[in-house]
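For reference, the structure discussed in these notes is given below.
The values are calculated or read from the model by the stated rules, or taken from the named source; none is laboratory data. These numbers come from a predicted model, not from an experiment. Note that each Cβ is placed from the backbone with ideal geometry, even for glycine, and that neighbours are counted across all protein chains shown.
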Amino acid sequence: MSLRGTGSGGSIQRLIEGVQVLGGAGFLSPSFLTSLAPAARKYGSTAAAGFHAAASRTPKRIALIDDEGELTFEEVERDSNAIAHELRKAGVDAGEAVGLFARNHRGFVLAQVALDKLGANTLLLNTGFASPQLREVCEREGTRVILYDEEFSSIVEGGASELTRFVTHSEGEVSETTLADLAKRGDTAPLEAPAKQGRTTILTSGTTGTPKGAQRTLKRTSMETLIGIFGRMPLRTGTRTLISAPTFHSWGGFHLLMGAQLGSTICLRRRFDPEDALAAIHDYRPEVLAVVPVMMQRILDLDDATIDRYDTSSLKMVCASGSALPGELALRWMDRFGDNIYNFYGSTEVAQASIAMPDELRSAPGTAGRPPRGVTVRILDDKGKEVPQGTTGRIFVANDNQFEGYTGGGNKEVIDGLMSSGDVGHFDENGLLFVDGRDDDMIISGGENVFPREVEDLLSDHEGVLEASVIGVPDEQFGQRLRGFVVLKSAGAVDEATLKEHVKKNLARYKVPRDIVFLDELPRNPTGKVLKRVLAEHP
């Protein structure tokens, strides 16, 4: 079965609907268009274009609030110009590969905007990386410069010590040059348009667990795309958005980009803590909150007295993505905070696929909603043929924003112009999409993609381990967590804590098993393949 996000009626009706949607979002006001249009011509559909336009339109408005305080649009423009000029002196220009290894704070935003202005190719690095992953990814992507938070110094020293380095955030004095240093000494004059448009690379996991680079050049966003997104997720110009989802992820990055282009005030906290998130909502009064579902779960896990201390009435939209949103969690949230959830389904590769609105989540908990205008979703079988309504098959998506392929080569499967999302799902009788699971053995833990193979190999490489297998098991907080099964070379050769530490030192934290079970042998079929379904039944 297929479903295409469209307006109703003919072309005139679609035009009217499009004007209504864009006008309702504030996108068609003369002051907005006359500032954003030249900025987009100069910097493309980037955060830099949005901040640059807002600086010319409303220079004294608050652009950014984080743990360190407030910055106006005028200050973001000035500081990002200075940083860009200084980075250019260090060899960063159009097409240069630069790694950004930072949490949610002004340093991340100023770095991203400066790199956009230079036309650099930005590699967004996962803050859970260990040194071996950092080294492998930077070498593969040809990265020569890295901008990083001081807390990751030991990881950078172990994995990227030979790169030109600048610190994006520090708690005290550091020996490396900081972005604050660059902002103080750099030329604040506007930059010329870059020689070519830069691209952003977001890391995903490959079939062996090695992070892949999914690249996307931020071209000018089509009106159909904007109408589609705003039509089902009614973002507005000039609002406040609290981005709790990591900005190095597609989802957090999407809200940074859209917030900048809409002239919103972006609110950030370096680390997510459930009560701190409520305090930020209480203090900053955002209308929009961008989260991954596990964050919603952790907020709801707070006791009622704690939740009641904070006024969350400003929230009009809680935008969730990054992993599956359980229907029960959506209902619990709306019962507590009102019907304000917008569940966005997509991926780094296929971009937007569908959006579930609050009324749809009420009537059909667990749904991924409907494709927005400009998006086509089809459910295909293993032969590439459409399946009947209600039948589970592979999800394929078409839109204007899909990625350009993996930096190391390869792409997602494409059939008749539609790209595989890597998931399986179905449409119900009302045309609502439901995602039923992955079409491979990927484990999604707290929004992170994990393949068991690399964890198994690492455990098996330990001197005390004979063999190992890893599966995903349900977890209330993270959706899924890893569970390891290990056969030791001799009784007591190594304990659980040591093996967990072994994984933590070599892989990202989210790949550390929640628990490890010691067995005398792994269950196998006659051909020697480990029977993971048997392991899943283990108490």
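At a glance:
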quantity	calculated
Filter result (of a type in the set (Gly, Ala, Ser) and in a helix (DSSP H, G or I)) within the range 155-179	Gly158, Gly159
Subset of the range 402-423 (residues that are at pLDDT below 85 and either buried (at least 19 other Cβ atoms within 10 Å of the Cβ) or touching a Cys at 6+ places or on another chain (Cβ under 7 Å) (or both))	Gln402, Phe403, Thr407
Every residue from the range 55-65 that is buried (at least 22 other Cβ atoms within 10 Å of the Cβ) and within 24 Å of the chain's Cα centre (by Cα)	Ala63, Leu64
Residue in the range 2-19 that is outside any helix (DSSP H, G or I) and either of a type in the set (D, E, K, R) or in the same structural domain as Ala120 (by TED's automatic domain parsing) (or both) present	yes
Within the range 438-539, strands (runs of 3 or more DSSP E) holding 3 or more residues that are more than 27 Å from the chain's Cα centre (by Cα)	465-475, 479-488, 515-518
Matching residues in the range 27-40 - criterion: being part of a loop (DSSP other than H, G, I, E, B) and over 26 Å from the mean Cα position of the chain (by Cα)	Leu28, Ser29
Those residues of the range 94-115 which are over 21 Å from Arg269 (Cα atoms) and in contact with a Pro (Cβ under 8 Å, 6 or more places away or on another chain), in sequence order	Ala94
Complete set of residues in the range 251-291 that are of a type outside the set (Ser, Thr, Tyr), in a strand (DSSP E or B) and closer than 29 Å to Ser31 by Cα	Ile266, Cys267, Leu268, Val288, Leu289, Ala290
Options Ile307, Ile266; residue that is surrounded by 22 or more Cβ atoms within 10 Å (Cβ to Cβ) and either under 16 Å from the mean Cα position of the chain (by Cα) or at pLDDT 95 or above (or both)	Ile266
Given (1) surrounded by fewer than 23 Cβ atoms within 10 Å (Cβ to Cβ); (2) within 12 Å of the chain's Cα centre (by Cα); (3) small (Gly, Ala, Ser), index of the condition Gly231 fails	(2)
Unique match (being touching a Leu at 6+ places or on another chain (Cβ under 8 Å) and not in a strand (DSSP E or B)) among Gly431, Gly425	Gly431
Some residue of the range 341-356 being among the aromatic types (Phe, Trp, Tyr), touching a helix residue (DSSP H, G or I) at 6+ places or on another chain (Cβ under 6 Å) and either in contact (Cβ under 8 Å) with a residue 12 or more places away in the chain or closer than 23 Å to Ala290 by Cβ (or both)	no
Index of the failed condition, Gly437 passing every other in (1) crowded, with 19+ Cβ neighbours inside 10 Å; (2) at positive phi	(1)
Spans of strands (runs of 3 or more DSSP E) in the range 41-154 with at least 1 residues of a type in the set (S, T, N, Q) and free of Cβ contacts under 8 Å to residues at least 24 places away in the same chain	69-72
Residue in the range 403-419 that is touching a residue at least 40 places away in the same chain (Cβ under 8 Å), in contact with a Phe, Trp or Tyr (Cβ under 7 Å, 6 or more places away or on another chain), under 30 Å from Glu139 (Cβ atoms) and part of a strand (DSSP E or B) present	yes
Only one of Val318, Val294 that is on the phi < 0 side of the Ramachandran plot, touching a residue at least 24 places away in the same chain (Cβ under 8 Å), of a type in the set (A, V, I, L, M, F, W, C) and assigned to a helix (DSSP H, G or I)	Val294
Residue within the range 251-262 that is touching a residue at least 12 places away in the same chain (Cβ under 8 Å), of a type in the set (Phe, Trp, Tyr) and surrounded by fewer than 18 Cβ atoms within 10 Å (Cβ to Cβ) present	no
Single residue of the range 321-339 satisfying the filter (hydrophobic (A, V, I, L, M, F, W, C) and assigned to a loop (DSSP other than H, G, I, E, B)) that is surrounded by the fewest Cβ atoms within 10 Å (Cβ to Cβ)	Ala324
